[in-house]
Amino acid sequence: MFRILFTIFLLLSAVAVTGAAGTLYVFHQFGKGLPDYRQLADYDPLVMTRIHAGDGRLLNEYAIERRVFVPLNAMPGLVVQAFIAAEDKNFFEHPGIDVTGVARAIVTNLKNIGRGRRLVGASTITQQVAKNFLLTNEVSWERKVKEAILALRIERAISKERILELYLNEIYLGFQAYGVAAAALNYFDKSLDELTIAEASFLAALPKAPNNYHPIKRREAAIDRRNWVIGRLMEEGFISPDQAEQARAESLVIRKRQETQFVRADYIAEEVRRELLDLYGEDKLYKGGLSVRTTLDPRLQDMADRVLRQGLEIYDRRHGWRGPLAKTPDGANLYQAINNFEPPKGMEGRIAAIVVQLDDAGVDVAMAGGDTGRIPLAELTWARAWKKHEKLGPKITSPGDVLAVGDIVSILPATHAPGEEDAVGAPYPSGTFALSQLPAVEGGLIALDPHTGRVLAMSGGYSYERSVFNRVTQAFRQPGSAFKPFVYLAALESGYTPSTLILDAPFVIDQGPGLPKWRPANYTKKFYGPSTMRLGIEKSRNLMTVRLAQAVGMDRVAEYAERFGLVDEMPEQLAMALGSGETSLLRITTAYAMLVNGGRRITPTFIDRIQDRNGLTVFRHDVRECPQCLAPYWTGQPVPQVPDNREKLADPGSAYQIVSMLDGVVKRGTGRRIRAVGKPLAGKTGTTNKQVDTWFVGFSPDLAVGVYVGFDNPRGLGLRETGSSVTAPIFRDFMQAALEGKPGIPFRIPPDIRLVRINGSTGAPAQPGEKGVILEAFKPGTVPTGESKLLAGEGYTPGFTVTGQSAGNGAPSTGTGGLY
């Protein structure tokens, strides 16, 4: 008996040793040359960067592969539990290979062979990760051995959580979905945290064979498999029997994924892309899975785009017709010509059409595809021929004055005839169109929060498709009189008051040997004698501004220009006081914002927050600490007080005095068109020599807005075209829309400011019954007593007569001359 037992023991030992040796040999042979599994520890899938508007809607995506990666700690427990219950219940116990599962699969497969059923596998989640990341989908026992070897190695090098995270983000689940997040969207149009038990169970049923459980083509099989996963969840104790019963009763409803809602703001999207590129580099931008929340307000952005385009079109129509898009050769097939015509970029809703016939009442046109229409004469009368220096040709009396057969033009649908003074006339029949043209002029508009610097809207040109050049951030032009508030601010900070009298009279400076004398002039070429500082800025008087800058000192003016970020370094020359130094619309609008916020520094930003692929915040524009703001819920505690650590650039009293004076520009000065908004607004026009550049920069108490219009290749905008006629209407229309339905908020007055009734013309304290009285803002100790000194300055030419009439040509041969 002993011999028999000993013999059996030897035989079993021999089998065990042989088996072990065989196993080691197999592992050795197949383990050679396998992929480096350690790369999985540092594996970061290529994940797209998503840019969001302030309301969370998508602005843009930057990616090489459009993949959604969700960290394991951000996944709902239900989803993770469903996949573990369905795919690998012993995942957290086995070393990469589930021996129990393999044995169970062997027994099951022996039974299935006899019954003719499909064989089952015993791959663990770790083995599936090995296959998906490091091996091919080849069906062979060699691949299974390599898969097992890699699984054992992976488990020694990587945590269970990391393995599970890789698996759930990479697994193919059908419906063109890689990873559970994409599958939740593609099958149910939901995020992971919105899935029901039944929906999570269905997704967990798919890894083995998504096509076998297609929810439409193989609906019954899909429901059976889903219900099996629900049962596994209940067996593992993840859900209760009642929950399981309710989940099984739930219908399997597939919801088509909605189209992603994109916000259109091309210029802001490009500015954000450039900033991300500078911060993180190209790899991080296109592969790093950043989530960027911008400052963009889509409502204001739509308004900005609309009013800027409208303003540019109105100016363009004022200066006539520059001709058709193209002319068709004589004898050509007109319908074939329009079908083959490629419209220019930036048509913005316009339609290309070809003229096929003219008569006294209008023009017949044809469009690509065979549609036809008619342009009545009333829609052609604006199209007087454009002449050099933005002048107009003769009036239009017939369609032939404008168009000829074969001309290819751009048109817009027209519903009503034009009435008198912009009123709407009689309705047109269907198929009626108006002649239009793409503006040659360009411009920009920016709106920002003056308290934080958050850019709420920005339109950098008429059409991003036509030109990616951004006139808000990239164009540097002379601001003209829009610079003047900073000359006056320097004076107020030096002890002057808004009622200080300054002489408006001829001013002459000797520029040195061989150079002509510099004689700046007012826009009107007139002189107005002693006037208050307030009148100087309200009426945009050049001579007063130069005289004031000379008295204050250009070093002081330059200091404030640099302090407020208008320029990096400004030459200390008097011509600079009239805005001859170049700046951008972004810079000058930010500078104005720092006037209305009480003289505090802000940094303009397009980005509120950046999070990495794991949801960790890596950038915040507002870096102030506020522990009380992190309270999980309201318990009646006081409202948190966020510290104001903004640098003080000017005395709040001085800043308010400038705001008050700019309020006067809108009420009584060059910005009177803005009054139509009916809300407290302030701002300043700007126009440079020969009307090359026009500006309007201004604000309400909580919104700063800047508008610029000019040609990309600088040339004059035309006689009498100024900031008042070109840019102020655009500012007005934007503010009208932006502030609609909101109460008018008065400008905030610092506590030490005194409002005193004075004579608006003389600056002296008002007398009872006096006309022309205004409330003027004074800092402590500066209230006028009745006596005033006149600032004449060194460039004063004695003996002149104040007539209010023209006093010579006034145009200097050098310097900035009549900047208005």
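Quick look at the numbers
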read-out	value
Over the stretch 699-773: Rg over Rh, Cα atoms, Kirkwood Rh	1.13
Rg to Rh, two decimals, where the stretch 325-410 supplies the alpha carbon set and Rh follows Kirkwood	0.98
Members of K388/K690; K388/K525; K160/K190 lying beyond 19 Å, as alpha-carbon distances in this model show	K388/K525; K160/K190
Derived scalar couplings ³J(HN,Hα) [the stretch 714-719; Karplus, 6.51 cos²θ - 1.76 cosθ + 1.60; whole Hz; x for Gly, Pro]	x, 7, x, 7, x, 4
Equivalent ellipsoid dimensions for the stretch 428-471 as semi-axes, Å, which come from the Cα gyration tensor, largest first	32, 15, 8
Whole-Å distance, taken between Cα centres, linking the stretch 725-779 and the stretch 203-271	62
Per-pair calculated FRET efficiency, R0 = 45 Å: K388 and V468 via Cβ, rounded to 0.05	0.95
Interatomic Cα distance distribution for the stretch 150-199, bins of 5 angstrom, percent	5, 20, 21, 19, 14, 9, 10, 1
Separation between Cα centres of the stretch 644-686 and the stretch 286-337, rounded to whole Å	32
For the stretch 467-622, projected area of the alpha-carbon convex hull averaged over all directions, nm²	12.9
Antiparallel content of DSSP bridges confined to the chain, in %, to 5	90
Per DSSP, loop chymotrypsin sites (Phe, Trp or Tyr not before Pro) in the stretch 231-285 with at most 10 further Cβ within 10 Å	none
Listed residue (T589, P520, G553) projecting farthest to the positive dipole end of the stretch 513-593, Cβ model	P520
Relative contact order computed over the chain (Cα-Cα under 8 Å; 6+ residues apart), in percent	12
Sequence-distant aspartates and glutamates (8 or more away, or on other chains) whose Cα lies within less than 16 Å of K387	D316, D401, E721
Whole-Hz couplings from phi, Karplus 6.51/-1.76/1.60, listed for the stretch 253-265; x for Gly and Pro	10, 9, 10, 5, 5, 5, 4, 5, 7, 9, 8, 9, 7
All aspartates and glutamates inside 15 Å of K345 as judged from Cα atoms, apart from same-chain residues fewer than 8 positions distant	D266, E442, E465
Distance (nanometres) between label positions extended 7 Å along Cα→Cβ at K690 and V253	6.9
Where only alpha carbons of the chain are counted, the Rg and the Dmax (Å)	37.5, 143
Lysines with Cα under 20 Å of K771, excluding same-chain neighbours fewer than 8 positions away	K539, K667
Rg and Dmax [Cα atoms of the stretch 381-440; Å; Rg one decimal, Dmax integer]	13.2, 38
Cut-off under 5 Å, modelled amide H: who pairs with T328 long-range	D407, I408
Estimated [θ] at 222 nm from DSSP helical runs (n ≥ 4, -39500 (n - 2.57)) normalised by residues in the chain, nearest 500	-10500 deg cm²/dmol
More than 24 Å apart - percent of Cα-Cα pairs taken over the stretch 171-302	47
The chain, accessible surface, carbon-and-sulfur percent (1.4 angstrom probe)	53
Prolate/oblate/rounded call for the stretch 567-658, Cα gyration tensor, a/c under 1.5 rounded	oblate
Accessible surface, the stretch 368-474, averaged per residue in Å² (probe 1.4 Å)	44
Tilt relative to the chain, helix 141-157 - C-alpha long axis, 0 to 90 degrees, to 10	60
Sparsely packed trypsin sites (Lys or Arg not before Pro) within the stretch 741-773, loop by DSSP, other Cβ within 10 Å at most 15	R748, K771
Kirkwood hydrodynamic radius over Cα pairs of the stretch 299-356, then Stokes diffusion coefficient at 37 °C and 0.692 mPa s, in µm²/s	234
Rounded to whole Hz, the Karplus (6.51, -1.76, 1.60) HN-Hα couplings of the stretch 448-460, x for glycine and proline	9, 7, x, 8, 10, x, 5, 7, 8, 7, 7, 10, x
Gain on full stretching of the segment that runs from E770 to R162 - 0.36 nm per residue minus C-alpha separation	210.7 nm
For the stretch 632-758, radius of gyration divided by Kirkwood radius, i.e. Rg to Rh on alpha-carbons	1.10
Semi-axis lengths (Å, descending) of the ellipsoid that matches the C-alpha gyration tensor of the stretch 398-531	46, 24, 20
Dmax and Rg, reported as Rg then Dmax, of the stretch 225-332 (C-alpha, Å)	28.1, 84
Degrees between helix 266-287 axis and first principal axis of the chain (Cα, 0 to 90, nearest 10)	40
D (Stokes-Einstein, µm²/s), Kirkwood Cα radius, the stretch 721-761, 1.002 mPa s at 20 °C	156
Rounded accessible area of I749 (nearest 10 Å², 1.4 Å probe)	80
Nearest 10 degrees, 0 to 90: helix 585-596 Cα axis against the chain principal axis	80
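The values are calculated or read from the model by the stated rules, or taken from the named source; none is laboratory data. Source: prediction; values computed, not measured. As a convention, Cβ positions derive from the backbone with ideal geometry for all residues, glycine included, and neighbour counts pool all protein chains shown. What goes into the accessible areas is simple: the full protein's heavy atoms, side chains included, and nothing from ligands, DNA or RNA. Shrake-Rupley method; radii C 1.70, N 1.55, O 1.52, S 1.80 Å.
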